[in-house]
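Heads up: the structure comes next, in structure tokens.
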Amino acid sequence: MIKKTSLAEEVAERIRAKIKSGELALHSQLPIEPALMKMFGVGRSSVREAVRILANQGYLNVQQGVGTFVADCEGREDLGEAFERAALTDLLEVRQLLEVRIAEKAARQRSDDDLSKIARALEKRKIEADANALVACIEADIAFHQAIADACGNSMLSELYRASSKHIVTAFKHMYLDTTVFVETQHSHEELFLAIERQDVSQACAVLHEIIEAV
């Protein structure tokens, strides 16, 4: 999938990389607008928008009439923004790491109410997959895994998974043309549910790894 970004976002990413690499040191002043325009091959509006983005994220400090300076090498960008600009491979890797830990904890911590929510999402996933309703199937798949995350007993893991899932939905819509992969992995998802129901931690983790390999 090729992620579409604006010129301003591309410029912001390149400046951010220079800040994080140390090429633009803390408290150093950015080149003036014409120099940035020439450096990145973009217009004034793109440069100004890029600077605004980075200022909002805490990387830059704009001093009117003086210049723009590097204020922080780490920034304070929202987690959602980090997920938004992440490469798909990085996003999937983070999601997979989360899912393994979540499956392990959910198998230990799940309640009967949790099992009911997971089961409903699993049934919805099958219905939409069999109907080849791609968007609804993707959403049901995410709901299934989110229900497991909600059952893991760790609110931070649950919220991290929720934050990443918003972007996974978009990625899956570009990755898949139909629900074939969801039909093919329905059985493994059912096995994951049964392992969690039995509180079989090792089996839940093993099945989850199978699911990851199939995606």
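The values are calculated or read from the model by the stated rules, or taken from the named source; none is laboratory data. Fair warning: this is a prediction, and the values are worked out from it, not measured in the lab. Cβ sites come from the backbone with ideal geometry, for glycine too, and all protein chains shown count toward neighbours. These accessible areas exclude ligands, DNA and RNA; they are computed on the full protein's heavy atoms, side chains included. Shrake-Rupley method; radii C 1.70, N 1.55, O 1.52, S 1.80 Å.
For the reader, a short list of remarks on this structure follows.
- Candidate set from the stretch 88-99 (those that are of a type outside the set (S, T, N, Q) and without any contact (Cβ under 8 Å) to a residue 24 or more places away in the chain); member that is nearest to Cys152 (Cα to Cα): Leu97
- Among the residues making up the stretch 103-119, those that are touching a residue at least 24 places away in the same chain (Cβ under 8 Å) and either among the acidic types (Asp, Glu) or open to solvent by 70 Å² or more (accessible area, probe 1.4 Å) (or both) are Glu104, Arg108, Gln109, Asp114, Lys117.
- Number of the exception - Ala214 against (1) of a type in the set (A, V, I, L, M); (2) modelled with pLDDT of 95 or more; (3) loosely packed, with under 14 Cβ neighbours inside 10 Å: (2)
- Screening the stretch 1-50 for residues that are farther than 30 Å from His174 by Cα and under 24 Å from the mean Cα position of the chain (by Cα) and picking the one that is surrounded by the fewest Cβ atoms within 10 Å (Cβ to Cβ) gives Ser21.
- Pair list, Cβ under 9 Å, 6 or more apart: the stretch 173-194 residue touching a residue at least 40 places away in the same chain (Cβ under 8 Å), other residue of a type in the set (S, T, N, Q) and open to solvent by 70 Å² or more (accessible area, probe 1.4 Å): Asp178/Asn132; Thr179/Asn132; Val183/Asn132
- Total residues in the stretch 85-102 satisfying the condition of being of a type in the set (Asp, Glu) and either more than 17 Å from Glu13 (Cβ to Cβ) or open to solvent by less than 30 Å² (accessible area, probe 1.4 Å) (or both): the figure is 2.
- Just one of the listed residues (Ala163, Ala206) is farther than 22 Å from Glu128 by Cα, open to solvent by 10 Å² or more (accessible area, probe 1.4 Å) and in contact with a Phe, Trp or Tyr (Cβ under 7 Å, 6 or more places away or on another chain), and it is Ala163.
- Within the span defined as the stretch 122-130, one or more residues are open to solvent by 30 Å² or more (accessible area, probe 1.4 Å), assigned to a helix (DSSP H, G or I) and in contact with a Ser or Thr (Cβ under 9 Å, 6 or more places away or on another chain).
- Near pairs, Cβ below 9 angstrom, 6+ apart or cross-chain, from the stretch 1-18 (farther than 18 Å from Arg76 by Cβ and basic (Lys, Arg)) to any residue that is open to solvent by 50 Å² or more (accessible area, probe 1.4 Å) and at pLDDT 90 or above: Arg14/Met39
- Screening Ala82 against (1) touching a residue at least 12 places away in the same chain (Cβ under 8 Å); (2) surrounded by 15 or more Cβ atoms within 10 Å (Cβ to Cβ); (3) under 27 Å from the mean Cα position of the chain (by Cα) leaves a single unmet condition, (1).
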